[in-house]
2 protein chains.
Amino acid sequence: MERALRTLELYAHFCQATGIAARRVHAVATSAIRDAENGEEFLARARETSGLHVRVLAREEEAFYGYVAATNSTTLADGVVLDLGGGSLQLVQVEARRPGELGSWPLGAVRMTERFLPGSEASKKELKALRKHVASELEPADWLPRAGRRLVGLGGAVRNLAAAAQRAEGEPSNGVQGYVLDAGALGRLVEELAARPAEKRGGVPGIKPGRADVILAAAVVLESVLEIGGFEGIEVTEAGLREGVFLAGHLAPSDPPLFPDVRDASVRNLAAQYQDDLAHPERVAALALSMWDALARPADAAERELLHAAALLHDIGMAVDYDDHHKHSRYLILNAGLPGFSPREVALVALIARFHRKGDPALGDLAPLMHKGDEALLRRCAAVLRLAEQLERSRDGMVSDVKIRARDGHVRLELVSEGDTRIAGWGARRESALFERAFGRELEVVSG
Amino acid sequence: MERALRTLELYAHFCQATGIAARRVHAVATSAIRDAENGEEFLARARETSGLHVRVLAREEEAFYGYVAATNSTTLADGVVLDLGGGSLQLVQVEARRPGELGSWPLGAVRMTERFLPGSEASKKELKALRKHVASELEPADWLPRAGRRLVGLGGAVRNLAAAAQRAEGEPSNGVQGYVLDAGALGRLVEELAARPAEKRGGVPGIKPGRADVILAAAVVLESVLEIGGFEGIEVTEAGLREGVFLAGHLAPSDPPLFPDVRDASVRNLAAQYQDDLAHPERVAALALSMWDALARPADAAERELLHAAALLHDIGMAVDYDDHHKHSRYLILNAGLPGFSPREVALVALIARFHRKGDPALGDLAPLMHKGDEALLRRCAAVLRLAEQLERSRDGMVSDVKIRARDGHVRLELVSEGDTRIAGWGARRESALFERAFGRELEVVSG
């Protein structure tokens, strides 16, 4: 209690010093306070020390905010949202992006550790008892096996387990947003954690030492939910209760509070974070998609979306420095991330942006995240983006559109403009070699 | 001429689209236009196409701007500034930061290549003739061997040769600002370049393909200047004519236009680029230096300056993202750079900032840049910065100063405050282990 009060006090000072009014701070409390005998005393002291009015969430509210966080940071439409905390486990059924059945169970990682795995060693018998307990507790949730096939997970334990699986796979990591922890990898982690005494579980790469004491119980609870619901894996989101509370307010009065399109919202949010004026990236995106639509097969919708995202984000690295801004764009996209996209997709967007002006497109150290054919995808998207960037090199919309005639091995790109397109044409021709290698077609650039 | 005109036109469009008035653009031309027979014609067409009035610099003006760029991006006080372009070579003597003798010679890399190394292979005889020519041309500059011992170099050829030497040494590179290309490394590069036919010189790592055809002549001219002046190496700055023109206007009416302290200006410029409000970093810096002065030996002035820089810059990574902002601070410092600091010093500042809140201070992949004892330096500075950050964790200046009593193996840190220092003391005590390992002394934190 003392530590929590000190933290709140520090936070209140921080807010005051940075000009954030107390009434704009939404402090919420969950299971630990809700279920504590001295919860009321804590709330009174918190108000006294920090001036913050802490609102205690009902179980259903807590579950709802988890739902808001998950559906606004992933593309989940039908399935289940899981939020595993220290005290409780929340499950929310999602149908057509709306909340359905929801429940909260006292199956949190701290609680389960204290009750089932209190010692340094975890015996087979103890693990079995924990599994049995989870199964019996979740029995009333008969909707679980009938819910959609996707399971999205929130909470520090889920993030840590995903990070551990990522490390075990040797994948480059920029966080775990969108990572899918599959049942097999989770099972191997349970084995590895159970084989170690509790004080050594923090040594598993990816597991934070401060969470090591409860991570095994968390992994077993998670494993049981996967089994009971018949899920193949759990998709991780880094958003949590905090983002849920924020987004519920931010998106009100929409009911339920949802972004119309999570991926589009992610991209535009990141673009706006580093740029005041989106006129140039919007024009580059329009030109790139215009070329794309004339060249690509209809099945390439996913690829088209990555190109669009990279076009809107290609210049964000200028917020770091003009020199090497293509490399800085890559860094910012990888580090800030794009909720709603998988790690592979984020990496592709980052790479397309990286190669929008220089260099020979290659996957480099992000290759372990990629699928077959992704390097060719990168080369196609980078080639088109580079052409679009050249057409908009003067940043004044001189080239308003392009007309494309693709025939056999030949592509004719006609620049539509009310002005002088000599410079744009000259720039585009300089980039034709990359296009020709990526598409295996000759490129002719003509002024309209 | 056509390509230059197109580039100017593109640039004019770019300025218009981004709201930069033509009268705020200072376009200058150097040797190529100054010495061309059709220079006047070009200037007239440039004005017509782009609306830009291009000012042709006299040789002395060109040399002066090079001097302004060099003395504001390095700590050069006594020595020589060298600017090697395609057409000409400028040398400016510097005494007590003021310009002294200056001269310009038609010894540019393009000119020397055309005259002395026109073929694919460079013979010993040709190289000797070039060296002899440089020596004879520079004979009137009898002040050169008597000038200060530091030689600072500007221009693309110098940057490329430094990048090549850096690669050859296997050093991690974030640009060549402040890198010292010594005579030995330059000699080895001349040998390696001369051994290749001209069209393969771009294959030397660090040399840009577009510069490959003239890089050998540039290297030989540079080598000759080092020999004639008796310089041990050339210190590279990435600033050039462009920065010289900008800074001469920006720093006017100071005469000569100089930052009072280049290193301080660099740090404050970078701090202000990513932060609107410097109150918190200034307070952290003051607390860190206050501790430092009570702990360190007087000889540690250089270390103190690095600590100060890191304290002012520790939070700039928040411009990328709050999460992992210590890592983003490292990235921004390394990539934006700090003119006036050596690559090793920039790396140390980046690392001190990196470890201001988390992690076990280590040199990592920047180790090849470091000197003996630098890891201990990093640990000392990170430990002090972390304490200062904890004391200012609430960001409201609650702790106004510290009083230190250091005796034998014991350091007593007393917090000076008009308010409640419990939180600050609690935070500082959490970081005492790092301090104790770094300084080998026990730390006691007491409220004043």
The stretch A:157-219, relative contact order in percent, only Cα pairs under 8 angstrom and at least six apart counted: 43
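Length gain on complete extension for the stretch A:ASP293 to A:ASN38, per 0.36 nm per residue less the alpha carbon to alpha carbon distance?
85.5 nm
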The stretch B:120-171 and the stretch A:65-140: distance between their alpha carbon centers, rounded to Å: 70
Centre separation in Å (Cα based) which lies between the stretch A:1-46 and the stretch A:201-270: 23
Shielded residues, the stretch A:2-22 - accessible-area loss of 20 Å² or more between chain alone and all protein chains, probe 1.4 Å: A:ARG6, A:GLU9, A:LEU10, A:HIS13, A:PHE14, A:ALA17
Too-long pairs where the Cα-Cα distance tops 28 Å, listed order kept, from B:LYS327/B:LYS372; A:LYS125/B:LYS358; B:LYS124/B:LYS208: A:LYS125/B:LYS358
Minimum 50 Å² accessible area buried by the other protein chains, the stretch B:325-343 residues, probe 1.4 Å, relative to alone: B:TYR331
Heavy-atom accessible surface that A and B bury in contact, both chains counted, 1.4 Å, Å² to 100: 2800
Debye, to nearest 20: dipole size of the stretch B:105-264, +1 on Lys, Arg Cβ, -1 on Asp, Glu Cβ: 500
Size of chain B as Cα extents on the principal axes (Å, biggest first): 77, 49, 38
Accessible area per residue in Å² at 1.4 Å probe, computed on the stretch B:230-323: 45
Shielded residues, the stretch B:384-431 - accessible-area loss of 20 Å² or more between chain alone and all protein chains, probe 1.4 Å: B:ARG393, B:SER394, B:ARG395, B:ASP396, B:MET398, B:ARG422, B:ILE423, B:TRP426
Per residue solvent-accessible surface (Å²) - the stretch B:29-74, probe of 1.4 Å: 47
Amide H within-cut-off set for B:VAL445, under 5 Å, with H built and near neighbours excluded: B:LEU413
Share of carbon and sulfur in the accessible heavy-atom surface of the protein assembly as shown [1.4 Å probe, %]: 49
Largest-first principal axis extents of the Cα set of the protein assembly as shown (Å): 94, 82, 48
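The values are calculated or read from the model by the stated rules, or taken from the named source; none is laboratory data. The structure presented is a predicted model; accordingly, all values stated were derived computationally and were not measured. Cβ coordinates were reconstructed from backbone atoms using ideal geometry, including for glycine residues, and neighbour counts include every protein chain displayed. Quick note on the areas: whole protein, heavy atoms, side chains included, nothing else; ligands and nucleic acids left out. Shrake-Rupley method; radii C 1.70, N 1.55, O 1.52, S 1.80 Å.
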